[in-house]
1. Enumerate the pairs (first residue in region 136-165 and free of Cβ contacts under 8 Å to residues at least 40 places away in the same chain; second residue anywhere and outside any helix (DSSP H, G or I) and of a type in the set (A, V, I, L, M)) with beta-carbon separation below 8 Å, excluding pairs fewer than 6 apart on the same chain, so at least 6 apart or on different chains.
2. Among the numbered conditions (1) in contact with a strand residue (DSSP E or B) (Cβ under 7 Å, 6 or more places away or on another chain); (2) farther than 16 Å from Leu203 by Cα, tell me where Glu244 comes up short.
3. Looking at (1) open to solvent by 20 Å² or more (accessible area, probe 1.4 Å); (2) under 24 Å from Arg189 (Cα atoms); (3) at pLDDT below 95; (4) of a type in the set (S, T, N, Q), find the lone condition where Ser70 falls short.
4. Residues Ala57, Ala127: which one is in a loop (DSSP other than H, G, I, E, B) and over 30 Å from Arg227 (Cβ atoms)?
5. For region 209-220, which residues satisfy the criterion of being part of a helix (DSSP H, G or I) and open to solvent by 40 Å² or more (accessible area, probe 1.4 Å)?
6. Among (1) assigned to a loop (DSSP other than H, G, I, E, B); (2) under 23 Å from Lys61 (Cβ atoms), there is one condition Met206 misses while meeting the rest; what is its number?
7. Which one of these does Pro79 not meet: (1) farther than 19 Å from Arg256 by Cβ; (2) without any contact (Cβ under 8 Å) to a residue 12 or more places away in the chain?
8. Inspect region 24-41 for any residue being of a type outside the set (Lys, Arg) and over 20 Å from Asn147 (Cα atoms) and give the result as yes or no.
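The values are calculated or read from the model by the stated rules, or taken from the named source; none is laboratory data. Predicted model, so just to flag it, every value in this text is computed and none were measured. In this analysis, Cβ positions are derived from the backbone assuming ideal geometry, glycine residues included, and neighbour counts consider all displayed protein chains. The accessibility values were calculated without ligands, DNA or RNA, using every heavy atom of the protein model including side chains. Shrake-Rupley method; radii C 1.70, N 1.55, O 1.52, S 1.80 Å.
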Amino acid sequence: MTKDSHTIAKSARARSFGAVAEAYQAHRPGYPDQVIDWALAPLRPRLDHLSLLDLGAGTGKLTAALLRRSAAGVIAVEPDPEMLAVLRATLPGVRALQGQAENIPLPDASVHAVLVGQAFHWFDPVAATAEIVRILRPGGVVALLWNILDQSIGWVHDFYETTGWFDRVGRHREQAGLAAHPRLSPTTRITLDSSVPMTIKGLLDMLGTFSWISTLDATEQNTAIDRARAYLMSRPEMSSGEFELPMRTTVLRVERR
């Protein structure tokens, strides 16, 4: 794949989430409290009075967790109108704006923290970082969060291989922006292992919300889901109908100098 065709394919995948917005809200997991608390730790004990931005907020999975920490000061920015509609319906009290990470619709030095859940790999890392620094107050924090299935578990690793589910985005290229910006501190990182209760149907529904499969044609989607279902039904871990889905959450944090 050439650089141009890769860029076009990535752009198509980035725009694909609106079509699965309701399913995304229903089936994607949220974020463990421990990682959010760690992300915001440099702001305590004044957190209740601060402004927090969920950038690339999607349907509000991360927004909801931030509301529990700063009910009056949470802003969500999301480019996709269908994802934004689900967020507004789910969290009607949130200030939710349509906008791009590379052109954030907020004034300079207006927020104390910018959090990005499951989205930074869709941004232009240099342009988005410049915008984040522009709207961030001195001493503020930036935290990038990702949930992934824990492939160190044998059956999960085999599930990825069976379905052809690979990371085609380059999840940690964000450092091309964050690490190079002179107003940001060196990156710190934590990873937390956890699990969520799951069923085979639930995992297949969640699988359908990922862009690598939602952008396939109907025949290819059905083939991939059928292959995944057959694999899961063959595993003893799922024999009772319910199982724990191993998750791994990674958070990268920097502070504005």
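1. Close Cβ pairs (under 8 Å, with a partner that is outside any helix (DSSP H, G or I) and of a type in the set (A, V, I, L, M)) amount to Tyr160/Leu149.
2. (2)
3. Of the numbered conditions (1) open to solvent by 20 Å² or more (accessible area, probe 1.4 Å); (2) under 24 Å from Arg189 (Cα atoms); (3) at pLDDT below 95; (4) of a type in the set (S, T, N, Q), the odd one out for Ser70 is (1).
4. Exactly one of Ala57, Ala127 is in a loop (DSSP other than H, G, I, E, B) and over 30 Å from Arg227 (Cβ atoms), namely Ala57.
5. Ala218, Thr219, Glu220
6. Checking Met206 against (1) assigned to a loop (DSSP other than H, G, I, E, B); (2) under 23 Å from Lys61 (Cβ atoms), the one that fails is (1).
7. Failing condition for Pro79: (2).
8. Quick first cut of region 24-41, residues of a type outside the set (Lys, Arg) only: 24-27, 29-41.
Adding the requirement that they be over 20 Å from Asn147 (Cα atoms) leaves none.
Within region 24-41, none of the residues are of a type outside the set (Lys, Arg) and over 20 Å from Asn147 (Cα atoms).
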